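**Q** Once you've had a glance at the structure underneath, I'll fire off some questions.
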Amino acid sequence: MANYDILGRYYDSFMNFGTMFSDFMDKLASHYHIETDAVLEIACGTGKNLSYFSRSKYIYGLDLSPVMLQSANINIPRAQLSLQDMSDFKIDRKFDLILCMFDSINHLLNYSQWLSTFKSVSDHLLQGGFFVFDINSPYALNLPINKRTMFRQSGDDYLVIQYYNSGINQATWDMNFFIHQDDGRHNHYFESITEVSFDIYQVRDNLLEIFSQVDVVNDKLESASMEDQRVFYICRKSGA
């Protein structure tokens, strides 16, 4: 798995998701009764999502990238951060809510890692707690796109992203960073990230082996279909 060292340095500059996460959480709160006294985000990246829980008593984040965690420490200094793999983590606490957002789990390229993540999450959830995550669906990654180029700019810095299908249920993002230097030149950095996906109902069935309730929905919290590009899983661990 990539360490996202370059992306971690410039993620907040180029990747602006606006109020997407907070809007989703507000919508989720209106449909489910979710306690947020203790919150953990796995693959927390730069910690921007965790800022939503600034009033929570316990805020935790873990990520596999030291560079991402450096940014997270600045963005949400209250959070306790840990350098760990989301597919096999250990924290000496259980949580009301565990999150894995913005298709982070798609970065795990083997389905056994997904299953291991689900087990690790369950081990760290309180009774009645929720696990919420989203994925880029197989439909999204299989769209007939040979290559699509996207541009991002932050001041005098530039990012060129080339997105393309790189296999069945698989897509790759090649990222070229051009970072402005004091002498007027631009340093070039390259990083490539691949995502894979799996049948949305297979994922649901495996989750139901661990969690008592699993809702598979789209961003409107309506039942998801095979043609939804982004699918959300709302999983609850059985109460005492």
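**Q** From the list A29, A43, pick out the single residue that is in contact with a strand residue (DSSP E or B) (Cβ under 7 Å, 6 or more places away or on another chain) and either under 22 Å from V217 (Cα atoms) or assigned by TED's automatic domain parsing to the domain that holds I179 (or both).
**A** Within the list A29, A43, the selection yields A43.
**Q** Restricting the first residue to segment 206-217 and requiring it to be touching a residue at least 60 places away in the same chain (Cβ under 8 Å), which pairs with a second residue that is assigned to a strand (DSSP E or B) and crowded, with 17+ Cβ neighbours inside 10 Å meet a Cβ separation below 7 Å and a spacing of at least six or different chains?
**A** L207/V214; L207/Y233; L207/C235; F211/F131; F211/C235; F211/R236
**Q** Only one residue in D63, D92 is among the acidic types (D, E), within 28 Å of S112 (Cα to Cα) and crowded, with 19+ Cβ neighbours inside 10 Å. Which one?
**A** Only one candidate passes the filter, namely D63.
**Q** For residues that are touching a residue at least 40 places away in the same chain (Cβ under 8 Å) and not β-branched (V, I, T), scanning just segment 171-192, find the one that is nearest to L109 (Cα to Cα).
**A** The selected residue is S192.
**Q** With over 22 Å from D85 (Cα atoms) and buried (at least 19 other Cβ atoms within 10 Å of the Cβ) as the only criterion, which of F151, F177, F190 stands out?
**A** Checking each option against the conditions leaves just F177.
**Q** With part of a loop (DSSP other than H, G, I, E, B), in the same structural domain as D26 (by TED's automatic domain parsing) and under 22 Å from M15 (Cα atoms) as the only criterion, which of F89, F102 stands out?
**A** Just a single option satisfies the conditions, and that option is F102.
**Q** Here is a follow-up. If M150 passes every condition in (1) outside the structural domain of S51 (by TED's automatic domain parsing); (2) assigned to a loop (DSSP other than H, G, I, E, B); (3) within 27 Å of S71 (Cα to Cα); (4) among the aliphatic types (A, V, I, L, M) but one, which one does it miss?
**A** (2)
**Q** Would you point out which residue out of Y158, Y58 is among the hydroxyl-bearing types (S, T, Y), more than 16 Å from the chain's Cα centre (by Cα) and not assigned by TED's automatic domain parsing to the domain that holds K48?
**A** Exactly one of Y158, Y58 is among the hydroxyl-bearing types (S, T, Y), more than 16 Å from the chain's Cα centre (by Cα) and not assigned by TED's automatic domain parsing to the domain that holds K48, namely Y158.
The values are calculated or read from the model by the stated rules, or taken from the named source; none is laboratory data. Quick caveat: nothing in here was measured; it's all calculated off a predicted structure. For neighbour counting, all protein chains shown are included, and Cβ atoms are generated from backbone atoms with ideal geometry for every residue, glycine included.
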